[in-house]
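Asks: Take a look at this one; I'll ask things after.
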Amino acid sequence: MPELPEVELTRRRLERELVGKRIARVVIRTPKLRLPIPQELESTLPGRTVSSVARRGKYLLFDCEIGWLIIHLGMTGFLRILPGTTPPGKHDHLDIVLEGGVLLRFHDPRKFGTVAWTTVAPAGHPLLAGIGPEPLTTAFDGDYLFGVSRSRRVAVKQLLMNAAIVAGVGNIYANEALFRAGIRPDRFAASLTHPECARLVNTVREVLQGSIDQGSTYQVAEGSVAYHPLAFDVYGRGTGACTRCNGALEEIRLGNRSTVFCPRCQH
Ligand SMILES: [Zn+2]
């Protein structure tokens, strides 16, 4: 599943490729993903120029002069820039054909992605309105995390993965950030001290930024996308050894998500 670093890397790539280009044509091949794809895109977008590509949480926001195209990649979605003559394959749900011979194609085998359209500022759109602060901005700091964790009888990992608390921290990066901070994922959020909150904010930023910085290794291969360029300490290593103490890692389920930690290094 694409997480925030992969969405940010996608944003940067699309910004380079799309900004300043005019839309010639829109082809919708699938009426509905997680939500219906707005049919009006076929008539409203042609002739408009993409003026910026922004991101809020894991949503990509394409400013198309008269409104914003909002795209979420869901579980398996990805966006590719292709020569305009490339024939569509299975699961190619949407093409935005640009003047000059290229197209932006949305491919999503499991159809959990979202394509929406808004003519008012996207921050107020129902999909985005409830999203918490961006983890890589100063709005997400130790004071903030300490404040929002006080009354929560929920595991700290689940708090981190709640998009209303902080935007776009998924399972992989929550596991990694907690390992680096030395905090057990199943602790009650309300039990975190202020220094622990400050430490955790820093490690969340570190793992996200580290993954974005290593994005040069991110490649769109033939028919697939190599997500997650970062080497992980705990995620997906439930039967492995701790990279810090060499002891056995433990795997539990939290909120039905795989959770891996070191019982000696994380308290
Ligand atoms: Zn350890």
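Read the figures in this text as sums done on the coordinates, not as results from a lab. Keep in mind the model is a prediction, meaning the values are calculated, not measured. When we count neighbours, we look across all protein chains shown, and the Cβ atoms used for this are built from the backbone with ideal geometry, even at glycine.
Asks: Please report the net charge: other residues with Cβ closer than 13 Å to the Cβ of GLY240, K and R +1, D and E -1.
Replies: That sum, taken over residues with Cβ under 13 Å, equals -1.
Asks: Nothing charged except the Cβ atoms of Lys and Arg (+1) and of Asp and Glu (-1): what's the magnitude of the dipole of the chain about its Cα centre? Round to the nearest 20 debye.
Replies: With only Lys, Arg, Asp and Glu charged at Cβ, the dipole is about 520 debye.
Asks: Amide H to amide H, which residues 5 or more places from ARG25 or on other chains are under 5 Å from it, using H placed in the peptide plane?
Replies: Under 5 Å from the amide H of ARG25 lie the amide H atoms of VAL97, each far enough along the sequence or on another chain.
Asks: Mind listing the long-range amide H neighbours of GLY238? Cut-off is under 5 Å, sequence gap 5 or more, other chains count too, H placed in the peptide plane at 1.01 Å from N.
Replies: The answer is none.
Asks: Once both labels are modelled 7 Å past Cα along the beta-carbon direction, what's the ASN246-SER51 spacing in nm?
Replies: Placing both labels 7 Å beyond Cα along the Cβ direction yields 6.0 nm.
Asks: Follow-up. Using θ = phi - 60° and the Karplus relation 6.51 cos²θ - 1.76 cosθ + 1.60, list the HN-Hα couplings for the range 257-267 in order, rounded to whole Hz, with x at every Gly or Pro.
Replies: Each residue of the range 257-267 in turn: 10, 4, 9, 10, 8, 9, x, 8, 8, 10, 10 Hz.
Asks: Assign one of three labels to the chain, namely rounded, prolate or oblate, based on the Cα gyration tensor with a ≥ b ≥ c the square roots of its eigenvalues; rounded applies when a/c is under 1.5, prolate when it is not and a/b is larger than b/c, and oblate otherwise.
Replies: It comes out prolate by the Cα gyration axes.
Asks: Enter the angle in degrees (range 0 to 90, nearest 10) between the Cα long axis of helix 4-18 and the first principal axis of the Cα atoms of the chain, meaning the one along which they spread out most.
Replies: 20 degrees
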